[in-house]
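Below you'll find the structure, written out as structure tokens, and then a few comments.
The values are calculated or read from the model by the stated rules, or taken from the named source; none is laboratory data. On a predicted model such as this, the values are computed, not experimentally measured, just so you know. As a convention, Cβ positions derive from the backbone with ideal geometry for all residues, glycine included, and neighbour counts pool all protein chains shown.
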Amino acid sequence: MRPILKNKLYLYLTEFFAGMSVMAVELGASRLLAPYFSSSQIVWTIIIGTIMIAMALGNIYGGRKADKDPDPDKLYRRITVAAIWIALIPAAGKYVILGISALLVFSVNSNFLIWAAFAACMVIFVFPLFLLGTVTPSLAKYTMENLEDNARIVGTLGAANTIGSIIGTFVPTFVTIPAVGTSITFLIFAGILLALALIYFISGKVKSGGAIAGVLIFLLSCALGHSSNFAFWKNDLVYEGESIYNYLQVEDTDDSIILSTNVLFGVQSIRMKQEGLTGMYYDYAMAAPFMAGVEDRQAAGEPLDVLILGMGTGTFGSQCARYYPELSIAGVEIDQKITDLAREYFALPESMPVTTYDGRAYLNAVDKQYDVIMVDAYQDITIPFQMSSVEFFTLVRDHLRPDGVMVVNMNMRGQKEGNINQYLADTISRVFSAVYTVDVSRSTNRELFASNNPEMLAVMERNASLCGDAELRAMLGRISDGLSPYEAGDYLMTDDRAPVELLGMQVIDDLIHDEVEYYKGIYAEYGIQGVINGL
């Protein structure tokens with residue numbers, strides 16, 4: 001046995017850092033996958049499931065290997081390989097995801113996101129975590145000297161692994177990912193594992209060409225992967241970074257500044273460089289203040305109180321303030337980093353307060369009532385279940401004045417029976433007596449307006465006629481023409497049962513299927529070159 005293995009502390013440290021690295025890789029996996037597959041509970045389930053598969057197989061293999069061939073050199077070689085693999089993820093991972101998605105998009109007819117995310121996890125993360133799964137049974141073999149204290153040793157190893165896992169959970173989330181990003185987080189923990197193996201080989205004066213090669217590959221990975229951009233298909237990003245909650249990117253185009261977060265597609269916030277309407281759902285949401293009587297209230301010297309749950313960078317708030325500067329507008333945004341970006345890139349005025357809090361928790365904490373509450377916290381399939389239930393919408397209603405209006409941006413217009421929008425609208429109809437919807441042109445968004453004021457449309461038409469801005473007045477006319485009363489069904493979401501991820505996945509799957517069918521036709525007729533030309 002190598003002299004260093006006689007030091008139980010070193011063995012416990014090996015166990016400790018192995019557990020820490022497993023959790024760090026798991027958290028990094030969610031961020032690596034987020035720009036492509038979102039960060040929904042479904043994706044988290046896939047990540048956790050595949051990693052548990054890897055660890056279980058590693059435990060079995062490591063135990064059998066340790067019994068048949070108890071050579072610690074092989075364990076630390078496996079740790080070296082795992083470290084190298086993890087270090088390569090920042091540079092190569094996104095290309096693997098792209099390649100897997102390209103292969104599956106033409107062969108999978110349903111549940112594309114599930115299969116693509118699962119395949120990406122299996123290819124990228126299973127092998128290194130399988131190798132780390134061999135650590136615990138191998139170390140148990142090397143640390144036991146007799147059967148009298150075997151339970152104590154196994155317990156200590158388990159405790160070391162668990163403590164390492166705990167630290168490996170908190171450090172990436174609260175320290176390394178927000179501070180230096182996911183790529184460097186992978187490199188940090190790969191470096192720790194590599195250093196652990198190097199100490200073993202150097203202390204035992206073991207000549208290992210693999211360890212030397214590992215160092216060289218690690219250094220190459222640091223050079224190639226430390227500044228790797230996740231969204232490599234975009235070249236005009238003025239900011240790309242991460243917060244505790246989100247992967248974030250700010251894009252500067254010819255006519256706008258755009259914020260996107262960890263979603264499959266779509267825009268979360270936008271600022272037009274030329275003042276005016278955005279051409280997006282924010283314009284449709286502008287109908288809500290008119291339904292609440294913004295012109296009537298202005299004439300009476302009583303400006304409306306507007307609350308935005310899911311402030312983002314403040315597009316809706318800024319639009320409201322542009323046309324009606326006297327409005328009292330406040331926002332709630334769970335991610336402080338987004339608010340910081342809003343101040344820096346999106347001209348969100350300091351005079352517009354934004355509370356860093358969860359939207360529902362904020363409503364539970366305040367007693368104030370509002371004239372308009374906008375719910376804009378839904379991102380493709382990343383819909384917070386606690387902000388989709390009948391209990392939540394009841395809470396919103398209780399924070400509205402008697403003639404107040406809630407507007408909800410539903411950004412996936414499902415067509416099948418029992419889709420996510422139908423669930424949301426039916427649930428809202430249990431709380432509000434007047435519910436109207438309008439589809440946003442040239443998008444998958446649908447705006448829903450709800451109130452207990454049966455005259456909300458008449459109020460809107462009267463106030464729209466008083467609007468002094470011709471462009472906005474015309475927009476309100478188009479919205480009015482498109483509004484239709486919602487006929488409620490029996491679908492309901494509660495705090496106990498709100499399957500928003502699965503419902504959202506169904507809509508995304510349909511959208512992808514419709515888009516892919518077009519390219520499948522091109523592929524069938526013109527081959528892969530035709531698809532490339534079509535893109």
For the structure I just gave you, tell me whether Ala102 is more than 30 Å from Tyr10 (Cα to Cα) and crowded, with 17+ Cβ neighbours inside 10 Å. no
Which of the residues spanning region 314-331 are over 22 Å from Asn463 (Cβ atoms) and not in a loop (DSSP other than H, G, I, E, B)? Gly331
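Residue by residue, here is whether (1) touching an Asp or Glu at 6+ places or on another chain (Cβ under 7 Å); (2) in the same structural domain as Ser183 (by TED's automatic domain parsing); (3) assigned to a loop (DSSP other than H, G, I, E, B); (4) more than 30 Å from Gly181 (Cα to Cα) holds:
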| position | (1), (2), (3), (4) |
| --- | --- |
| Ile244 | no, no, yes, no |
| Leu248 | yes, no, no, no |
| Glu251 | yes, no, no, no |
| Ile258 | yes, no, no, no |
| Asp283 | no, no, no, yes |
Among the candidates Ile153, Ile166, single out the residue that is of a type outside the set (Lys, Arg), part of a helix (DSSP H, G or I) and under 19 Å from Leu193 (Cβ atoms). Ile166
Can you tell me which residue in region 388-418 is modelled with the highest pLDDT, limited to those that are touching a helix residue (DSSP H, G or I) at 6+ places or on another chain (Cβ under 6 Å) and within 21 Å of Ser441 (Cβ to Cβ)? Val407
Among the residues of region 332-355, which ones are assigned to a helix (DSSP H, G or I) and either among the polar types (S, T, N, Q) or touching a Ser or Thr at 6+ places or on another chain (Cβ under 7 Å) (or both)? Gln336, Lys337, Ile338, Thr339, Leu341, Ala342
Are any residues in region 143-172 surrounded by 18 or more Cβ atoms within 10 Å (Cβ to Cβ) and among the hydroxyl-bearing types (Ser, Thr, Tyr), and if so, which ones? Thr143, Ser165
Just to check your reading of the model, which residue among Ala116, Ala140 is crowded, with 16+ Cβ neighbours inside 10 Å, closer than 17 Å to Pro35 by Cβ and not basic (Lys, Arg)? Ala116
Selection count, region 415-432, where residues are of a type in the set (Gly, Ala, Ser) and assigned to a loop (DSSP other than H, G, I, E, B): 1
Quick one: Asp71 ticks every box in (1) acidic (Asp, Glu); (2) closer than 21 Å to Asn246 by Cβ; (3) without any contact (Cβ under 8 Å) to a residue 24 or more places away in the chain except a single one, so which number is it? (2)
Taking the stated definitions as given, is Leu457 within 25 Å of Gln268 (Cβ to Cβ), at pLDDT 95 or above and among the hydrophobic types (A, V, I, L, M, F, W, C)? no
Subset of region 59-79 (residues that are surrounded by fewer than 17 Cβ atoms within 10 Å (Cβ to Cβ) and closer than 18 Å to Ile199 by Cβ): Asp71, Asp73, Lys74
Whichever residue in region 137-175 is in contact with a helix residue (DSSP H, G or I) (Cβ under 7 Å, 6 or more places away or on another chain) and at pLDDT below 85 and, among such residues, is farthest from Glu15 (Cα to Cα): Met144
Scanning region 433-447 residue by residue, the ones that are modelled with pLDDT of 90 or more, assigned to a loop (DSSP other than H, G, I, E, B) and surrounded by fewer than 22 Cβ atoms within 10 Å (Cβ to Cβ) total 1
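Residue-by-condition table, conditions (1) crowded, with 19+ Cβ neighbours inside 10 Å; (2) out of contact with any helix residue (DSSP H, G or I) (no Cβ under 8 Å at 6 or more places or on another chain); (3) closer than 24 Å to Asp367 by Cα:
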site	(1), (2), (3)
Leu248	yes, no, no
Thr261	yes, no, no
Lys273	no, yes, no
Pro289	yes, no, yes
Gln319	yes, no, no
Arg322	no, yes, no
Ser328	no, yes, yes
Glu344	no, yes, no
Being at positive phi, crowded, with 19+ Cβ neighbours inside 10 Å and free of Cβ contacts under 8 Å to residues at least 60 places away in the same chain is true for just one of Gly310, Gly314, Gly293. Which residue is that? Gly314
Would you be able to say whether some residue in region 131-146 is among the hydrophobic types (A, V, I, L, M, F, W, C) and farther than 28 Å from Thr80 by Cβ? no
Being touching a helix residue (DSSP H, G or I) at 6+ places or on another chain (Cβ under 6 Å), crowded, with 23+ Cβ neighbours inside 10 Å and not in a strand (DSSP E or B) is the filter here; which residues of region 360-379 pass it? Ala377
Does Leu309 fit the bill of being within 16 Å of Val408 (Cα to Cα) and not basic (Lys, Arg)? yes
Condition (residue is in the same structural domain as Phe17 (by TED's automatic domain parsing), of a type outside the set (S, T, N, Q) and not in a helix (DSSP H, G or I)) applied to region 88-111: is it met by at least one residue? yes
Read through the list (1) over 18 Å from Cys467 (Cα atoms); (2) at pLDDT 95 or above, then give the number of the only condition that Arg360 fails. (2)
Enumeration of residues in region 1-29 that are buried (at least 24 other Cβ atoms within 10 Å of the Cβ) and over 17 Å from Ile79 (Cβ atoms): Gly28, Ala29
